[in-house]
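K.L.:
Sharing a structure below in structure tokens format, with a few things to ask.
The values are calculated or read from the model by the stated rules, or taken from the named source; none is laboratory data. Given the structure is predicted, the values throughout are model-derived calculations rather than measurements. For neighbour counting, all protein chains shown are included, and Cβ atoms are generated from backbone atoms with ideal geometry for every residue, glycine included.
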Amino acid sequence: MAMYSESMDLRRRRWPWAVAVLAVIFVVLWTVAWFYASATVERTIAGWREREAKVGRIYACATQTIGGFPFRIDVRCSDPSAEFRSAQPATALKWKDLHVMANVFSPTRLVGELTGPLMIGEPGRLPNMSANWRSAEILVRGLPIAPESVTLALDEADVQRVAGGGNESVFKAKKAEFTGRMVEGSAASNPVIGFVLKLAEATAPAVHPVAAALFDADVTAVLRGLKDFGPKTWEERFREIQAAGGRLEITNARVQQGEVLSVTTGQLGLTRNGRLDGDLRMTVANFDKLLPALGLDRFVAQATAPGGQFGAAINSLDRLMPGLGNIARQNAGPAVAAGIGLMGQPTELEGKRAVAIPVRFADGMVTMGPIPLGPTPPLY
């Protein structure tokens, strides 16, 4: 019995030593694994930069550090810059700081924080655009060379055109979020990409005067026709999409501005000379309130004037019964409704009376209903 007791005491004395040895071994292995992972991250970043540089996209940091031991991998890039030399014209971007974090327990989930302002211009020249925000976060799922999804979220985004006499507002939004995710295929073979864009309390006066008033947007679309995610210029990608018969499928584009509400669906492709080609269906509630801003009130006025399509109908009333046409002319509501009706079909949108208007892109030429709006620039 005494020998058994001595054996138990010996095992008890050895147990703390065994635990300590195992703990030391674990710490050493964990440290080796962390430094190996951080070295892998550094090599991955260097390889990605090298591949991008081959097609004229140059990324650099004034200083780059990797830290976060023991449970994270943090990559901090101070004074980051990017040059897109293959773009026309060449474009240079510079901003203050980029911080990317990955948890060692979920290494395929990367979170990046951007610190502005972002300055945009041509290489070697003063910037002509600036962008700033209260907060900006990038979330990447998957490996950096084969991402499954990428999300950019901005709070209080503000983009301005830098001019000698003062800055001009280009775009503002209380919240802006853009997500791209893999729907089909893989980064190496025929990827199909789904896009989601959400804007809250946004304005874009430089795009069109109608966008100077606050609006909200929620857009979903799918892009088909890409061959892979290999480093290529935009021109090469657009040609690749056209050759494959690729399309941008707009599944739902909902925009609301005050009482005006529009929902657009349809598909757009590219012709051989790089121009947009396809059909959209735009359904708009309270379209009459949008007419003056779009400059389409002149079309309605022409359509409802004597000799116009609706005006001819009113004149026929005068022939049936003298004075009846004057009554119709004085009733402006039906006249405007008829003018709007010339552009599309009456329908309903979220319980409101609306008009469904076909928007046609024919080798870059755009028409809204019967109204020609002009050409769009080629993409290559």
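K.L.:
Do we have any residue at all in the range 201-211 that's farther than 27 Å from Glu168 by Cα and not acidic (Asp, Glu)?
P.N.:
Checked against the condition, which is being farther than 27 Å from Glu168 by Cα and not acidic (Asp, Glu), the range 201-211 yields no hits at all.
K.L.:
Between Ile45, Ile73, Ile58, Ile25, which is crowded, with 16+ Cβ neighbours inside 10 Å and either in a helix (DSSP H, G or I) or in contact with an Asp or Glu (Cβ under 7 Å, 6 or more places away or on another chain) (or both)?
P.N.:
One residue alone meets the criteria, Ile45.
For (1) aliphatic (A, V, I, L, M); (2) out of contact with any strand residue (DSSP E or B) (no Cβ under 9 Å at 6 or more places or on another chain); (3) part of a strand (DSSP E or B); (4) closer than 25 Å to Phe229 by Cβ, each residue gets a yes or a no:
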{"site": "Gln242", "(1), (2), (3), (4)": "no, no, no, yes"}
{"site": "Gly245", "(1), (2), (3), (4)": "no, no, no, yes"}
{"site": "Glu249", "(1), (2), (3), (4)": "no, no, yes, yes"}
{"site": "Asn252", "(1), (2), (3), (4)": "no, no, yes, no"}
{"site": "Val255", "(1), (2), (3), (4)": "yes, no, yes, no"}
{"site": "Val263", "(1), (2), (3), (4)": "yes, no, yes, no"}
{"site": "Leu280", "(1), (2), (3), (4)": "yes, no, yes, no"}
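K.L.:
Since Thr271 meets every condition but one in (1) more than 18 Å from Ala211 (Cα to Cα); (2) modelled with pLDDT under 95, which condition does it not meet?
P.N.:
Unmet condition: (2).
K.L.:
Taking the options Phe238, Phe171, name whichever one is surrounded by 18 or more Cβ atoms within 10 Å (Cβ to Cβ) and in a helix (DSSP H, G or I).
P.N.:
Testing whether each residue is surrounded by 18 or more Cβ atoms within 10 Å (Cβ to Cβ) and in a helix (DSSP H, G or I) leaves just Phe238.
K.L.:
Looking at Val19 and the list (1) in a helix (DSSP H, G or I); (2) modelled with pLDDT of 85 or more; (3) farther than 22 Å from Val140 by Cβ, which single condition is not satisfied?
P.N.:
Tallying (1) in a helix (DSSP H, G or I); (2) modelled with pLDDT of 85 or more; (3) farther than 22 Å from Val140 by Cβ, Val19 fails exactly one: (2).
K.L.:
Exactly one condition in (1) within 27 Å of Ala212 (Cα to Cα); (2) modelled with pLDDT under 90 is not met by Leu349; state its number.
P.N.:
Just one mismatch for Leu349, condition (2).
K.L.:
Additional query: Consider Gly68 against the criteria (1) closer than 30 Å to Arg125 by Cα; (2) surrounded by 15 or more Cβ atoms within 10 Å (Cβ to Cβ); (3) at pLDDT 85 or above: it satisfies all of them except one. Which criterion is unmet?
P.N.:
Answer for Gly68: the failing condition is (1).
K.L.:
Failed condition for Phe35, given (1) surrounded by 15 or more Cβ atoms within 10 Å (Cβ to Cβ); (2) hydrophobic (A, V, I, L, M, F, W, C); (3) more than 30 Å from Tyr380 (Cα to Cα); (4) modelled with pLDDT under 90, with all others met?
P.N.:
(1)
K.L.:
Among the numbered criteria (1) at negative phi; (2) surrounded by 16 or more Cβ atoms within 10 Å (Cβ to Cβ); (3) not polar (S, T, N, Q), which one does Glu148 miss?
P.N.:
Answer for Glu148: the failing condition is (2).
K.L.:
Among the residues of the range 92-108, is there at least one that is closer than 30 Å to Thr220 by Cα, in a strand (DSSP E or B), polar (S, T, N, Q) and within 20 Å of the chain's Cα centre (by Cα)?
P.N.:
Taking every residue of the range 92-108 in turn, none turns out to be closer than 30 Å to Thr220 by Cα, in a strand (DSSP E or B), polar (S, T, N, Q) and within 20 Å of the chain's Cα centre (by Cα).
K.L.:
Still on this model: Hey, among Ala204, Ala188, which residue is touching a Phe, Trp or Tyr at 6+ places or on another chain (Cβ under 9 Å), touching a residue at least 40 places away in the same chain (Cβ under 8 Å) and not charged (D, E, K, R)?
P.N.:
Ala188 is the lone residue from the list that is touching a Phe, Trp or Tyr at 6+ places or on another chain (Cβ under 9 Å), touching a residue at least 40 places away in the same chain (Cβ under 8 Å) and not charged (D, E, K, R).
K.L.:
Say whether the condition of being crowded, with 17+ Cβ neighbours inside 10 Å, modelled with pLDDT of 95 or more and within 24 Å of Gly369 (Cβ to Cβ) is met by at least one residue in the range 188-202.
P.N.:
No, the conditions are met nowhere in the range 188-202.
K.L.:
Within the set of pairs 6 or more residues apart or between chains, which connect a residue that is at negative phi inside the range 246-258 to a residue that is among the β-branched types (Val, Ile, Thr) and outside any strand (DSSP E or B) with Cβ atoms less than 9 Å apart?
P.N.:
The qualifying pairs are Arg247/Ile241; Leu248/Ile241; Gln257/Val210.
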